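Student: Quick one: structure below, then a few questions.
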Amino acid sequence: DQQVKQNSPSLSVQEGRISILNCDYTNSMFDYFLWYKKYPAEGPTFLISISSIKDKNEDGRFTVFLNKSAKHLSLHIVPSQPGDSAVYFCAASSGGGADGLTFGKGTHLIIQP
Amino acid sequence: DTEVTQTPKHLVMGMTNKKSLKCEQHMGHRAMYWYKQKAKKPPELMFVYSYEKLSINESVPSRFSPECPNSSLLNLHLHALQPEDSALYLCASSHTGADQPQHFGDGTRLSIL
């Protein structure tokens with residue numbers, strides 16, 4: 001039973017345009033959501049997160065939106081750059097601290113020149 | 001650059017060997033985690049340590065034995081592993097409060113012969 005779902009295995013976007021990565025979750029206990037970026041042969045790198053008390057968090061080119069009623073979050077990257085090409089994992093946790101993360105299967109983002 | 005350091009980067013061992021994976025962080029984090037990631041799959045939680053005490057064990061077989069000797073170090077002792085245990089083993093750390101992102105090392109690529 002997959003509690004965090006990323007339904008797009010891959011996404012191709014032209015350089016300079018907006019990349020939108022989507023994530024859905026089923027567990028109502030999740031209250032903290034994160035996005036990680038992963039290059040081959042490296043560990044996941046933390047990008048941005050959002051608490052369930054917010055509906056938007058922005059950090060430079062990265063914005064995460066949370067729709068709790070729909071149990072859906074999205075990551076917007078604008079403008080997209082070639083270095084953004086990587087696998088992006090959505091993750092979620094509950095419990096208030098020192099809790100494990102549940103990851104989605106990832107979306108491979110490819111930025112086309 | 002990652003602030004969570006894992007050694008070794010690669011490990012090949014036979015099914016009768018005993019080896020250990022090591023993880024170190026100096027960010028003052030008091031929560032540390034082990035994850036396992038198989039090819040083309042998301043990371044899956046194995047263990048959580050909070051203030052050097054094991055707080056979560058996700059029903060991991062006893063051939064994996066974690067140890068947290070102090071607040072900066074986390075070990076994973078391996079014994080009598082099976083070929084299906086071949087995977088990337090990721091260590092992460094975080095502060096223990098709510099809504100704290102986990103920071104990952106680059107992992108140890110383990111191959112069981």
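Student: Having 1 or more residues that are surrounded by 13 or more Cβ atoms within 10 Å (Cβ to Cβ) and basic (Lys, Arg) is the bar; report the strands (runs of 3 or more DSSP E) wholly within the stretch B:1-46 that clear it.
Tutor: B:18-25, B:31-37
Student: Moving on. Need pairs with beta-carbon distance below 6 Å; first residue on the phi > 0 side of the Ramachandran plot and within the stretch A:1-18, second at pLDDT 95 or above; sequence gap 6+ or separate chains.
Tutor: Close Cβ pairs satisfying both conditions: A:Gly16/A:Pro79.
Student: Given the residues B:His26, B:His77, which is the only one that is more than 14 Å from the chain's Cα centre (by Cα) and away from chain A (no Cβ under 12 Å)? Write out each step before concluding.
Tutor: Details: B:His77 fails: more than 14 Å from the chain's Cα centre (by Cα).
None of the others qualify; the one that does is B:His26.
Student: Just for the stretch A:42-63: of the residues that are within 12 Å of chain B (Cβ to nearest Cβ), part of a strand (DSSP E or B) and touching a Phe, Trp or Tyr at 6+ places or on another chain (Cβ under 8 Å), which one is farthest from B:Lys9 (Cα to Cα)?
Tutor: We begin by selecting, within the stretch A:42-63, every residue within 12 Å of chain B (Cβ to nearest Cβ); these are A:42-54, A:57, A:59.
Going one step further and asking which of them are part of a strand (DSSP E or B), we end up with A:45-51, A:57, A:59.
Retained after the next criterion (residues that are touching a Phe, Trp or Tyr at 6+ places or on another chain (Cβ under 8 Å)): A:45-51.
On the way: A:Thr45: 17, A:Phe46: 20, A:Leu47: 23, A:Ile48: 26, A:Ser49: 28, A:Ile50: 31, A:Ser51: 33 Å.
Restricting to residues being within 12 Å of chain B (Cβ to nearest Cβ), part of a strand (DSSP E or B) and touching a Phe, Trp or Tyr at 6+ places or on another chain (Cβ under 8 Å), the top hit is A:Ser51.
Student: Taking the stretch A:67-78 only, how many residues are in a strand (DSSP E or B) and either in contact with a Pro (Cβ under 6 Å, 6 or more places away or on another chain) or more than 10 Å from A:Asp24 (Cα to Cα) (or both)? So that I can check it myself, show each step before the final result.
Tutor: Within the stretch A:67-78, the subset in a strand (DSSP E or B) is A:67, A:72-77.
Next, from what is left, pick out any that are either in contact with a Pro (Cβ under 6 Å, 6 or more places away or on another chain) or more than 10 Å from A:Asp24 (Cα to Cα) (or both): A:75-77.
Qualifying residue count for the region: 3.
Student: For A:Tyr32, indicate whether it is under 22 Å from B:Lys38 (Cβ atoms), surrounded by 14 or more Cβ atoms within 10 Å (Cβ to Cβ) and touching a strand residue (DSSP E or B) at 6+ places or on another chain (Cβ under 9 Å).
Tutor: It is false that A:Tyr32 is under 22 Å from B:Lys38 (Cβ atoms), surrounded by 14 or more Cβ atoms within 10 Å (Cβ to Cβ) and touching a strand residue (DSSP E or B) at 6+ places or on another chain (Cβ under 9 Å).
The values are calculated or read from the model by the stated rules, or taken from the named source; none is laboratory data. Fair warning: this is a prediction, and the values are worked out from it, not measured in the lab. Positions of Cβ are generated from backbone atoms using ideal geometry, with glycine treated the same way; all protein chains shown enter the neighbour counts.
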